[in-house]
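Each reported figure results from applying straightforward, stated rules to the coordinates on display, with no laboratory input. Keep in mind the model is a prediction, meaning the values are calculated, not measured. A quick note on method: Cβ atoms are made from the backbone with ideal geometry, for glycine too, and the neighbour counts reach across all protein chains shown.
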Amino acid sequence: MTNTNARATAGTPANDAPTAGTPIADAPATGTPTAGTPDAGTPTTGTPDAGTPGAGTPTADTPGTVTPDAGTPTAGTPGVGALTAFEPRARFRDLLASEWIKLRSLRSTWVAYGATASAVIALNAGTAYDTYSNWTQQDSEGRAAFIRDGIPLATAFNANALMIMMLALGAIGALMIIGEYGTGTIRTTFAAVPARRSVMAAKALVLTAVTTVFGAFAAGASFALTQLILEGRDAGVPLSHPGALRVVLASALLAPVSALVGMALGTVLRNTAATMVTAGVLLLVLPVAFGDDGHWQAVVGHATLYQAWIRIVEVGFAPSPFPWTASGAWTVYAVWALAAAVLAIISVHRRDQ
């Protein structure tokens, strides 16, 4: 009897003997899958597998065309780090413009300047009007000595108006920096411009420029108005009169110096009440407390702004046991202004480390 399992014809293979081109399910073929029927685990040339990098992103072993990653900046497209690294530093003129915008955008600033100027000019004009009203009570000798003794110049800018201007400008200078510390905007300023000394230098320059213009206006308007009033009694003097220009300059320049002192105190103390009290002591109390009774008292008194102003504007000053010159008084102006500016610039850098 013929065995059917072993029998096979030449054209018909048996079920247990696979053909050369068709792999069985249990034994993978040793060859490459056909082009029309891709294997499930092997990606074809045109269809990349989900877990296998395609042609645009090479593997570690296979170089290819580089595809830029979303978080890595290329040579032509800088990322966040590149922009920060090449960001230009703020120019000093930009800081000046910023401080000017801050100053002029506050309505209270101009109200303070306007009220101070009005008070100063009104006090000086009131003094001149009192002289005008009482002029008829003086005899001929008193009228002749009026101009000779320099009383028109003393009327042009009196001590009461000066004290008000010094206190008001000191307060304005202090509030320029205390206001930013109080509202917290100083943090934003220093975050945008870490160069704190440059910021404070810009503040000092803007404050000096504005208050110098203010002082020139207040002193010039006071002189013009007082002499116009006195001219009604033929007692006024022109700006070309000896000592007249010196009075106007000394009174005008005291405004920026007082403002710088206030800003320096505000930078150090950062408290409105403490700054105002300290400014009042330095600007007004010390000059009165220290007179010419002794050598050291005279030295301290001559180093104050108020006594320096008196020495500059007085005509035919009375003899003193400890005399000093007008140039020394101008030096006091310069030293106070420079010391206040340096203190404001340095203290903000050293204190907030």
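Amide H contacts for G236 (H built 1.01 Å from N in the peptide plane; partners 5 or more residues away or on another chain; cut-off under 5 Å): E231.
Stretching the chain fully between V335 and A122 yields a gain of 73.6 nm (0.36 nm per residue, less the alpha carbon separation). Model label sites at F92 and Y129, defined 7 Å from Cα along the beta-carbon direction, differ in position by 4.7 nm.
Positive contributions from Lys and Arg (+1) and negative ones from Asp and Glu (-1), summed over other residues with Cβ under 15 Å from the Cβ of V299, come out at -1. Residues in region 289-299 carry Karplus couplings, in order, of 6, 10, x, 9, 6, x, 5, 5, 5, 5, 4 Hz; the curve used is 6.51 cos²θ - 1.76 cosθ + 1.60 with θ = phi - 60°, and Gly or Pro positions show x. A crude spin-label estimate for the pair R246 and W296, with each label 7 Å from Cα along the Cβ direction, gives 3.2 nm.
Averaged over every viewing direction, what's the projected area of the C-alpha convex hull for region 99-351? Give it in nm², one decimal, please.
Numbers: hull surface 58.7 nm².
Projected area, direction-averaged: 14.7 nm².
Among the trypsin sites (Lys or Arg not before Pro) in region 87-145, those located in a DSSP loop and surrounded by at most 10 other Cβ atoms within 10 Å of their own Cβ are R89, R91.
In terms of overall dimensions, the C-alpha atoms belonging to region 215-269 reach 50, 19, 12 Å along their principal axes, ordered largest to smallest. Note on T136 and A154: the extension gain reaches 4.5 nm, defined as 0.36 nm multiplied by sequence separation minus the Cα-Cα distance. Computed from backbone phi, the HN-Hα couplings of region 211-223 come to 6, 5, 4, 4, x, 5, 5, 5, 5, x, 5, 5, 5 Hz, rounded to whole numbers (Karplus: 6.51 cos²θ - 1.76 cosθ + 1.60, θ = phi - 60°; Gly and Pro given as x). The modelled label-to-label distance for the pair A273/V288, using points 7 Å beyond Cα in the direction of Cβ, is 2.2 nm.
For each of L169, L225, count neighbouring Cβ atoms within 10 Å of the residue's Cβ, then give the residues from fewest to most.
Listing L169, L225 from fewest to most nearby Cβ atoms yields L225, L169.
The separation of region 120-136 from region 255-292, counted between C-alpha centres, amounts to 29 Å.
Using r as the Cβ-Cβ distance of E314 and S347, and R0 as 35 Å, what FRET efficiency do you calculate, to the nearest 0.05?
0.50
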